[in-house]
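Note sheet for the following structure.
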Amino acid sequence: MDIPVSDLAKMIDHSLLAPTLTRDDLESGCRLAVDYDVASVCILPHYLKRCAEILKGSTVKASTTIGFPHGGHTPATKLAETKQALADGGEELDMVVNISRVLSGDWDYVRKDLQAVVDAAHGAGQKVKVIFENCYLQDEHKIRLCQICGELGADWVKTSTGFGASGATLEDLALMRKHSPPKVQVKAAGGVRDLDMLLKVRALGVTRVGARSTKDILDEAARRFSARL
C-alpha cells in the first residue's frame with residue numbers, strides 16, 4: 001500500500017546531535033528539515049535558539065535534549081536545562097532517565113526526576129520524550145519505565161540516545177508499545193537508517209523516529225511510492 005511521503009516525513013525527528021557538527025552543519029541541517037517538512041529537529045542545546053529562529057513559520061518543531069546522553073545529571077540540573085530549553089524556543093524535549101537509578105531500582109528517585117521535567121514542559125505547553133537507553137536495561141526495567149511514564153503523562157517513550165551500545169530493536173519497540181498506555185507514543189532512535197526500517201517500526205505503532213539519514217529515507221520513499229513531498 002502506498003503511504004504519503006508527507007506522513008512518513010512527519011514521523012522523523014531530524015537528528016543534529018553529533019558533537020562534531022559545525023555551525024554550518026547545524027544551519028544546513030535545520031534547512032533540510034524545513035525543506036522535507038519533517039516532524040522536528042532535535043539539535044544540540046547550544047544551537048536550539050538559532051534552530052527555533054530558522055524553523056519559525058514552518059510546521060517543523062524545535063527540539064533538544066535534557067540530561068544527554070547518560071542521564072546522570074542531578075534533577076536540579078535537568079530542570080535548569082529544561083527551563084533554558086523552553087526559553088530558547090524548545091517545543092519537544094528528549095530527556096534521558098537516570099540509568100544508574102533505574103538499574104538500582106530506585107524508582108522514587110526516577111519518578112521525581114522525570115516528573116520535574118514533564119511538569120515544567122507541560123506547564124509551558126510543550127512535550128517530553130523520555131529516553132530509556134534500552135541497551136543497558138532488562139525488560140523489567142523497560143516495562144516499569146513505561147508504567148511510570150504513563151502515570152506521569154509523558155508524551156513519548158523513546159528507546160535510545162543513539163550514542164549507547166546499541167539502538168532501537170523491533171522487540172523493544174513492541175514491548176514498549178504493549179506496556180505504554182495509548183496516550184503515550186513510542187519513538188525509535190538509533191538504527192532507523194533506511195526506509196525499510198522506518199516502515200517496520202511504523203507497523204509496530206511507532207509514531208516518531210530519530211534519524212540522521214532523513215534525506216535518503218524520504219527520497220527513497222518518494223521514488224518507491226511515486227509521491228511528492
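The values are calculated or read from the model by the stated rules, or taken from the named source; none is laboratory data. Treat the numbers as computed from the prediction; the structure is a model and nothing was measured. Heads up, the Cβs are rebuilt from the backbone with ideal geometry, glycines too, and the neighbour counts pull from every protein chain shown. Just the protein is used for accessible areas: all its heavy atoms, side chains included, with ligands, DNA and RNA removed. Shrake-Rupley method; radii C 1.70, N 1.55, O 1.52, S 1.80 Å.
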Give the accessible area for Asp119 in Å² (nearest 10); use a 1.4 Å probe, count only protein heavy atoms, and leave out ligands, DNA and RNA.
-> 80
Roughly what angle does helix 170-179 make with the longest principal axis of the chain, taking Cα atoms, 0 to 90 degrees, to the nearest 10?
-> 60
Carbon + sulfur, % of accessible area of the chain - ligands and nucleic acids excluded, 1.4 Å | 50
So, over other residues within a Cβ distance under 14 Å of Arg31, counting Lys, Arg +1 and Asp, Glu -1, the net charge is -2
Note the direction-averaged projected area, equal to a quarter of the hull surface, for the Cα convex hull of the stretch 99-229, in nm².
-> 8.5
May I ask you to rank Arg208, Arg101, Arg223 by accessible area, largest first, using a 1.4 Å probe over the protein chains only?
-> Arg223, Arg101, Arg208
Return the long-range amide H neighbours of Arg212 (sequence gap of 5 or more, or a different chain), with a cut-off of under 5 Å between placed amide H atoms.
-> Ser15
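Please express the shape of the chain as an equivalent ellipsoid: the semi-axes are the square roots of 5 times the eigenvalues of the C-alpha gyration tensor, given largest first in whole angstrom. Show your work: numbers first, answer last.
On the way: eigenvalues 141, 90, 43 Å².
Those come to 27, 21, 15 Å.
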Cα-based reach from Lys49 at 18 Å (exclusive), listing aspartates and glutamates while leaving out same-chain residues under 8 positions away | Asp13, Asp24, Asp25, Glu27, Glu81, Asp88, Glu91, Glu92, Asp94
For the stretch 1-50 versus the stretch 75-119, the gap between their alpha-carbon centres in whole angstrom | 23
For the chain, what is the charge dipole size about the Cα centre, in debye to the nearest 20, if Lys and Arg each add +1 at the Cβ and Asp and Glu each add -1 at the Cβ?
-> 240
Assigned charges on the beta-carbon of Lys, Arg, Asp, Glu; the stretch 152-229 dipole about Cα centre (debye) | 220
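Past 31 Å, Cα to Cα: identify those pairs from Lys56/Lys178; Lys78/Lys200; Lys83/Lys158; Lys56/Lys142, in the order given.
With Cα atoms farther than 31 Å apart: Lys56/Lys178; Lys78/Lys200; Lys56/Lys142.
Once every DSSP H run of n ≥ 4 in the chain is given -39500 (n - 2.57) and the sum is divided by its residues, what mean residue ellipticity at 222 nm do you get, rounded to the nearest 500 deg cm²/dmol? List each step's numbers first, then the result.
Details: 10 runs with 107 residues, N = 229.
Computed ellipticity for the chain at 222 nm equals -14000 deg cm²/dmol.
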Expected max-MSF residue from Arg23, Arg31, Arg193 in the GNM of the chain (alpha carbon, under 10 Å) is Arg23
Relative to the longest principal axis of the chain, what angle (0 to 90°, nearest 10) does the C-alpha long axis of helix 75-87 take?
-> 30
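With every protein chain present, what is the per residue accessible area of the stretch 73-194 (1.4 Å probe, Å²)?
On the way: 5030 Å² over 122 residues.
Value returned for the stretch 73-194: 41 Å² of accessible area per residue.
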